[in-house]
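Trainee: Pasting a structure below so you can have a look.
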Amino acid sequence: MTRLVLSSRNKGKLLELQRMLATIAPHIELVSVADFPEIGDVEETGSTFEENALLKAETIAMKTGLAAIADDSGLCIDALNGAPGVLSARWSGEHGNDRANLEKVLKEMEEVQPDKRQGKFVSVVALALPDGRTEICRGEIHGDIRYSPVGDGGFGYDPIFQPDGYHVTMAELSADEKDRISHRGRAMRAITPVIAELLSE
Ligand code: IMP
């Protein structure tokens, strides 16, 4: 078995990637960074999703001596010149306060006309090997920003994001359907064969 460390402490993300890897790379044992308590949180100091994902994956690979995978994600809105972008998790000033972050975006978008409300969710996944090699995959989903939140599934900005081709928000989709079309699902599916190839038995 080859061990691969996932930077996230989120059980849902771990299980999802485990499922994807099981079919094409059963020799890989995915573990969470939570199993390495000596590694604290890696600060996201980069100005792009790529920089932050790489920073996290490389730091964990260096500290554990194992291959590591990390993701960074966020919402980019055209009318706000790409904001909140890499600052999505702390847009309101308070890290991880989903409701306050969403309210701030709605306020900033109050005067924006219906045909100017496009945005996208971005997820960048980085793989770092202990020998210094790295790989990056990006997934995106485009849509419109609603005027008010609807739905209670998902998290973050899901209640105000309506994917292109849908009449409901991301927070009204089932977890399976969200995974199928989401930025993170796409990036994770893209990196899976890369992991299988680089982490051979
Ligand atoms: P990260 O943990 O630095 O990747 O933070 C990403 C932030 O972007 C989250 O806190 C959310 O605010 C937002 N975000 C990322 N992915 C999603 C999603 O799938 N739905 C809603 N919000 C998301």
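The numbers here are math on the coordinates, done by the rules we state, and not lab data. Predicted, not measured: the structure shown is a model, and the values here were computed from it. Here Cβ is always computed from backbone atoms with ideal geometry, including for glycine, and neighbour counts include all displayed protein chains.
Trainee: Restricting the count to DSSP beta bridges whose residues both fall in segment 2-198, what percent are antiparallel, rounded to a multiple of 5?
Mentor: 75
Trainee: Per q in 0.09, 0.12 Å⁻¹, report the Debye log10 I(q)/I(0) for the chain, using one uniform scatterer on each alpha carbon and no solvent.
Mentor: -0.35, -0.61
Trainee: Positive end of the dipole of segment 2-198, charges at C-beta (+1 Lys, Arg; -1 Asp, Glu), about the Cα centre: which of 92, 124, 68 has its Cα farthest in that direction?
Mentor: Selected residue: 68.
Trainee: Once you've got the Cα coordinates, tell me which of 13/178; 56/178; 107/178; 13/120 are over 23 Å apart.
Mentor: Table pairs above 23 Å Cα-Cα are 56/178; 107/178.
Trainee: Further, regarding this structure: Can you work out the FRET efficiency for the pair residue 189 and residue 100, with r the C-beta to C-beta distance and R0 = 30 Å, to the nearest 0.05?
Mentor: 0.40
Trainee: Say R0 is 22 Å: what FRET efficiency, to the nearest 0.05, do residue 180 and residue 118 get from their beta-carbon distance?
Mentor: My answer for the efficiency is 0.55.
Trainee: Note down the net charge around residue 169, summing +1 for each Lys or Arg and -1 for each Asp or Glu among other residues with Cβ under 11 Å from its Cβ.
Mentor: Working: positive: 146, 178; negative: 144, 152, 158, 172.
Residues near residue 169 contribute -2 overall.
Trainee: Using 0.36 nm per residue of separation minus the Cα-Cα distance, give me the extension gain between residue 134 and residue 1 in nm, one decimal.
Mentor: 45.8 nm
Trainee: For the chain, what does the helix formula give at 222 nm: sum of -39500 (n - 2.57) over DSSP H segments with n ≥ 4, over the residue count, nearest 500 deg cm²/dmol?
Mentor: Taking each H run of at least 4 residues, the total per residue is -10000 deg cm²/dmol.
Trainee: Sorted by packing (mean other beta-carbon atoms within 10 Å per residue), highest first, where do 125-132, 169-176 land?
Mentor: The most tightly packed comes first, giving 125-132, 169-176.
Trainee: Can you give the relative contact order of segment 2-198 as a percent, counting alpha carbon pairs under 8 Å and 6+ residues apart?
Mentor: Numbers: 387 pairs, mean separation 36.6, N = 197.
Dividing the mean separation by the residue count of segment 2-198 yields 19 percent.
Trainee: Here is a further query. List the GluC sites (Glu not before Pro) within segment 22-77 that fall in a DSSP loop (any state other than H, G, I, E or B) and whose Cβ has at most 10 other Cβ atoms within 10 Å.
Mentor: Sparse-neighbourhood loop GluC sites (Glu not before Pro): 38, 43.
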